[in-house]
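Step one of this worksheet: look at the structure below.
The values are calculated or read from the model by the stated rules, or taken from the named source; none is laboratory data. These numbers come from a predicted model, not from an experiment. Cβ: placed from backbone, ideal geometry, glycine included. Neighbour counts: every protein chain shown. With ligands, DNA and RNA removed, areas are computed over all heavy atoms of the protein, side chains included. Shrake-Rupley method; radii C 1.70, N 1.55, O 1.52, S 1.80 Å.
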Amino acid sequence: MSPTPKPGILEISPYVGGQASVAGVAKVFKLSSNESPLGPSPKALAALDEAKSSLSLYPEGSARLLREAIGEVHGLDPARIVTSGDGSDALLTMLTNAYLRPGDECLFGKHAFLVYKIATLANSAVPVIVPEKTTNSAIKVDVDTMLAAVTPKTRMVYIANPNNPTGSYLNRDEMARLHAGLPEGVLLVIDAAYSEYVTAKDYEAGMEMAVRYPNVVMTRTFSKLYGLAGLRIGWMLASQAVCDVINRIRGPFNIALMQQLVGAAAVRDPDHFWRAVKHNNEWLPWITAEIRKTGLRVDDSVANFVLIHFPAPDAGGAKGIDGEKTAAKADAFLKQGGVILRGVASYGLPDCLRMTVGTEEQNRLAVSLLQQFMAA
């Protein structure tokens, strides 16, 4: 007999990232993974070059260098920050490893990040998938529905804010109401991977709540706006008690010195930060408006991507659009034209594609191809 994994493991569908190449197409633009079109900060690249001399050395175990840089920029206590060299995904997983017991319930939205379910099942806990609210221009978590799903077995609640792949967000008041309705023993984990892109005045990334409340954790990443997806740097802000728990179970050198040096340089470069925000503020509304002109629904987004809806295969001529204009056929057409978007069927959205905001060239080509597809 072969060894048997613990309950829940074999229920997991392995995570599959965005496609990066197309057979037979030489030049391809990858707009499937929400990567930064501007790349890393020049200061981060300089730090990367300088870090070469440290490759033979173990890093300082607490990642003090990076934690202090993050604390300095955001006005936070470095003692309440934990970092990861495997992205914020690793921290999300460590939180479930530390706080979920077999049979505990973990709540998250129907179209939430797939890692929440994977991490929950890996701990033999029960994923509770909560329906989301759909309007004419958004799909988002409904606070009342989420609170109604809480039971005595609820141990953790995940909220991606903004949410991927829908691009929607909960405002400061909605987040406060959600937290106020949770029992004190429930851990609220705010995944703020795309928070740097949000300019809405009623948005708060979760720092205030994580500083104030012992049962709130906020996670962040350097993989998106900072353009360091290849280095996989993540961090979390939590109470000292929660940080102590995670520090007990994380790897002893879980973030390399190279990662710390580059991350510290990136977070200390406000000029590059605001260039990235400006680029997104210019192209996100343009992409949204131009694709909507084709007759397709594009949801409102505050992140660096948009969710595009296509007719279901059996929808006929719904809303005046040819029933053959499906997400699968659009995906194939775009790939042959050299653009890869992200299919999101695994997120419960089989008739949608997600498009990352790219460079001007990439954005214009992707929109032009969609226009051609819809006009054919």
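A few remarks follow.
- Qualifying residue in the range 31-43 (condition: open to solvent by 80 Å² or more (accessible area, probe 1.4 Å) and either among the acidic types (Asp, Glu) or not in a helix (DSSP H, G or I) (or both)): no
- The range 329-365: number of residues that are assigned to a loop (DSSP other than H, G, I, E, B) and over 21 Å from the mean Cα position of the chain (by Cα): 2
- Within the range 211-228, being in a loop (DSSP other than H, G, I, E, B) and either farther than 20 Å from Tyr99 by Cβ or of a type in the set (D, E, K, R) (or both) holds for Phe222, Ser223, Lys224, Leu225, Tyr226, Gly227, Leu228.
- The sole residue among Ala69, Ala47 that is in a helix (DSSP H, G or I), open to solvent by 10 Å² or more (accessible area, probe 1.4 Å), small (Gly, Ala, Ser) and in contact with a helix residue (DSSP H, G or I) (Cβ under 7 Å, 6 or more places away or on another chain) is Ala47.
- Of residues in the range 311-320 being in a loop (DSSP other than H, G, I, E, B) and open to solvent by 20 Å² or more (accessible area, probe 1.4 Å), the one modelled with the highest pLDDT: Ala312
- Some residue of the range 321-337 being closer than 14 Å to Gln19 by Cα, open to solvent by less than 20 Å² (accessible area, probe 1.4 Å) and in contact with a Lys or Arg (Cβ under 6 Å, 6 or more places away or on another chain): no
- When the range 340-370 is filtered for residues that are surrounded by fewer than 19 Cβ atoms within 10 Å (Cβ to Cβ) and under 17 Å from Pro285 (Cβ atoms), the ones remaining, listed by number, are Thr359, Glu360, Arg364.
- When Pro14 is tested against (1) of a type outside the set (Val, Ile, Thr); (2) in a helix (DSSP H, G or I); (3) closer than 26 Å to Asn164 by Cα, exactly one condition is not met: (2).
- Residues being over 21 Å from the mean Cα position of the chain (by Cα), within 28 Å of Ser168 (Cβ to Cβ), open to solvent by less than 50 Å² (accessible area, probe 1.4 Å) and at pLDDT 95 or above are entirely absent from the range 244-259.
- Contact annotation: residue pairs with Cβ atoms under 9 Å, 6 or more positions apart or on different chains, pairing a residue in the range 33-47 that is on the phi > 0 side of the Ramachandran plot with a partner that is open to solvent by 20 Å² or more (accessible area, probe 1.4 Å) and assigned to a helix (DSSP H, G or I), are Asn34/Ala229; Gly39/Leu45.
- Among residues of the range 260-284 being under 30 Å from Leu365 (Cα atoms) and of a type in the set (D, E, K, R), the one that is most open to solvent (accessible area, probe 1.4 Å) is Lys278.
- Residue list for the range 115-144, restricted to those being open to solvent by less than 40 Å² (accessible area, probe 1.4 Å) and of a type in the set (A, V, I, L, M): Val115, Ala119, Leu121, Ala122, Ala125, Val128, Val130, Ala138, Ile139, Val141, Val143
- Top-ranked residue in the range 285-302 [being touching a helix residue (DSSP H, G or I) at 6+ places or on another chain (Cβ under 8 Å) and part of a helix (DSSP H, G or I); ranked as surrounded by the fewest Cβ atoms within 10 Å (Cβ to Cβ)]: Trp286
- Within the range 238-265, residues that are within 14 Å of Gly61 (Cα to Cα) reach partners that are open to solvent by less than 40 Å² (accessible area, probe 1.4 Å) and hydroxyl-bearing (Ser, Thr, Tyr) with beta carbons closer than 7 Å, at six or more positions or on different chains, in the pairs Asn254/Ser84; Ile255/Thr83; Ile255/Ser84; Leu257/Ser54; Met258/Ser54.
- Neighbours by Cβ (under 6 Å, 6+ apart or cross-chain): first from the range 275-300, within 18 Å of Leu31 (Cα to Cα); second open to solvent by 70 Å² or more (accessible area, probe 1.4 Å) and part of a helix (DSSP H, G or I): Val298/Arg292
Residue by residue, here is whether (1) in contact (Cβ under 8 Å) with a residue 12 or more places away in the chain; (2) in contact with a Cys (Cβ under 6 Å, 6 or more places away or on another chain); (3) among the acidic types (Asp, Glu) holds:
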| position | (1), (2), (3) |
| --- | --- |
| Ala125 | yes, yes, no |
| Ser137 | yes, no, no |
| Asp144 | no, no, yes |
| Pro165 | yes, no, no |
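- Residue count, the range 91-111 (criterion: under 20 Å from the mean Cα position of the chain (by Cα), crowded, with 20+ Cβ neighbours inside 10 Å and in contact (Cβ under 8 Å) with a residue 60 or more places away in the chain): 6
- Count - residues of the range 11-32 that are free of Cβ contacts under 8 Å to residues at least 60 places away in the same chain and in contact with a Ser or Thr (Cβ under 9 Å, 6 or more places away or on another chain): 1
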